[in-house]
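Report on one structure; see the data block that follows.
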Amino acid sequence: MRRRLLLSTLAAAVTGIVLLGLPLAVAVRGLLRQQALDALQREAEQVQVLLNEQAVSPAEQAALLQSLAVGRDLRLTLLDARGGRGVVIDTGSPPAVPQTLDADVRRALSGQVGRAWADGVLAVAVPVRAGGATQVLRAVRDDRVLAHQTKQALLAIAGLAVTALGVAASIAFWQAGRLAQPLESLAGAARRLGDGDFTARAPRSGLPEADDVAAALDVTAARLGAMLERSRSFGADASHQLRTPLTALRLDLEALEAAGADAQLVRAATVEADRLEATIGELLALAEPPAGDELLDLGELAATRIDAWQALARAQGRRVVVQAAPVPPVRARAAALGQCLQVLLDNALEHGAGTITVTVQAVSASSWRSLRDRHHRGHENRLGRASAIHVSAGAGRDLGWVRLCVADEGRGVAPEQATELLAGHSATAAGRGLPLARSLVEAEGGRLTLERPGGCPLFCLLVPAASGEDGHPEP
């Protein structure tokens with residue numbers, strides 16, 4: 001912002017200087033020319049008076065004009081109006097008179113003073129009436145002095161312009177700092193607020209508009225802090241209220257096992273209780289603001305969380321298989337992606353059939369688009385188009401993605417129901433928890449897609465790989 005304010009102020013100053021300086025330079029140049037012609041006219045009129053008052057012979061006139069021309073650095077020419085304005089006397093000293101310079105003589109023949117300027121020469125012609133004859137006296141001088149004065153004046157104007165520009169730049173720099181500093185302070189307070197510091201307060205600067213924004217930001221911080229405090233209090237209370245019956249359930253299961261109940265059923269119930277407690281802990285953790293960047297290996301996440309579902313699958317006579325290739329880490333919360341994986345596995349166990357396959361692999365954005373096109377060849381899918389747009393926007397440099405997919409051997413859902421299923425608008429019981437999983441993975445910068453909606457459905461979590469400062473995926 002400082003740079004923009006500085007450049008805009010300088011642009012306004014330069015525009016003002018140009019709009020004022022150019023007309024001023026033209027006016028000064030014209031004024032100096034008029035002053036030079038006025039001085040030359042006064043000298044010509046002085047010679048005119050001498051010629052009109054003294055009745056001398058042509059030889060004496062020539063000597064008089066020659067002496068006056070040398071003393072005044074002029075070229076004096078006496079022209080006779082008769083006979084085509086023939087030259088009577090010419091001192092002959094430079095400057096040379098241009099052939100086009102005769103407007104002054106024509107004006108002098110009408111009885112007025114003629115003035116002209118052309119090709120570096122100043123000329124003034126005045127009428128002379130000596131001995132009853134009509135003659136014209138022309139005084140000619142080069143414009144070297146005028147050019148020097150004009151150059152000095154233009155340099156002075158340019159100096160003033162540079163000085164004015166420097167003063168404007170100094171004022172613009174000061175004003176830019178004065179206007180930008182409150183906004184920078186507001187940006188810093190907003191960043192602290194975004195980082196979870198709800199005690200941050202924006203400083204006041206004396207600018208009414210900036211202070212209004214600071215006051216609104218302070219009110220927002222206070223409200224967010226109060227809401228977060230209530231949320232934490234509720235989370236602590238909910239955790240206590242939920243874990244108390246879970247503890248009682250564990251004690252009952254231990255009593256059943258001691259009483260000789262079926263050990264396999266008791267172990268399965270214990271596993272479900274453990275999973276329920278872990279789910280409660282993760283959901284409460286997700287209600288808290290992120291503590292910071294967390295690097296996560298999706299392959300390790302799938303391997304560590306698959307045991308509970310393998311036990312449930314064995315109870316149904318099915319299997320859960322994990323195929324995890326080495327993948328780069330992703331920057332996401334384990335609780336969020338763990339809950340997404342749990343939703344996909346729960347749906348595969350409840351609504352699917354056959355073997356459940358969990359695959360983890362690293363793909364580029366272009367490779368993912370090729371997979372999507374292969375699965376969707378033959379029909380258009382609104383969900384696929386939306387996902388492709390999202391991935392293309394996020395993978396401008398194709399840094400890489402990590403893809404976690406869950407597939408089973410069930411009949412799946414109709415392609416036209418895919419969008420409603422992920423959005424939670426489906427009227428069937430299939431796909432429970434998918435809107436929650438979708439919102440969780442999108443909060444981490446990823447996508448939940450149904451890449452194969454028909455037989456053997458394939459649900460995938462697509463999460464961008466974590467990138468280092470050089471813009472490449474971290475090892």
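Just grab the label-to-label distance for Asp218 and Ala255, each label 7 Å out from Cα along the Cβ direction, in nm (one decimal).
5.8 nm
If packing is taken as the mean number of other Cβ atoms within 10 Å per residue, what is the order of 298-310, 329-341, highest first? Can you show the working numbers first?
Working: 298-310: 18.0, 329-341: 22.2.
Put in order of decreasing packing, that is 329-341, 298-310.
How far, in nm, would the chain grow between Asp80 and Leu436 when pulled straight, counting 0.36 nm per residue and subtracting the alpha carbon separation?
Details: separation 356, 0.36 × 356 = 128.16 nm, distance 11.07 nm.
So the extension gain works out to 117.1 nm.
Tell me, in nm to one decimal, what length is gained between Arg29 and Leu10 on full extension, where the rule is 0.36 nm per residue of separation less the Cα-Cα distance?
Between Arg29 and Leu10, full extension yields 4.1 nm more.
Based on the Cβ-Cβ distance from Ser57 to Val113, what FRET efficiency comes out when R0 is 25 Å, to the nearest 0.05?
Once rounded, the FRET efficiency stands at 0.40.
If you count the DSSP beta bridges with both ends in the stretch 2-149, what percent of them are antiparallel, to the nearest 5? Each step should come with its number before you reach the end.
Numbers: 25 of 25 bridges.
Among the beta bridges of the stretch 2-149, antiparallel pairing accounts for roughly 100 percent.
I want the local charge near Val70. Using Cβ-Cβ distances under 14 Å, sum +1 for each Lys or Arg and -1 for each Asp or Glu among the other residues. Walk me through the numbers before you get to the answer.
Working: positive: Arg72, Arg75, Arg141; negative: Glu43, Asp73, Asp90.
In short, 0.
In nm, give the distance between the simple-model label positions of Ala315 and Ala414, each being 7 Å from the Cα along the Cα-to-Cβ direction.
It is 3.4 nm.
Computed from the coordinates by the stated procedures, all read-outs in this text should not be read as laboratory data. Everything numeric here is computed off the predicted structure, so don't read it as measured data. Ideal geometry is used to build each Cβ from the backbone, glycine not excepted, and the neighbour counts take in all protein chains shown.
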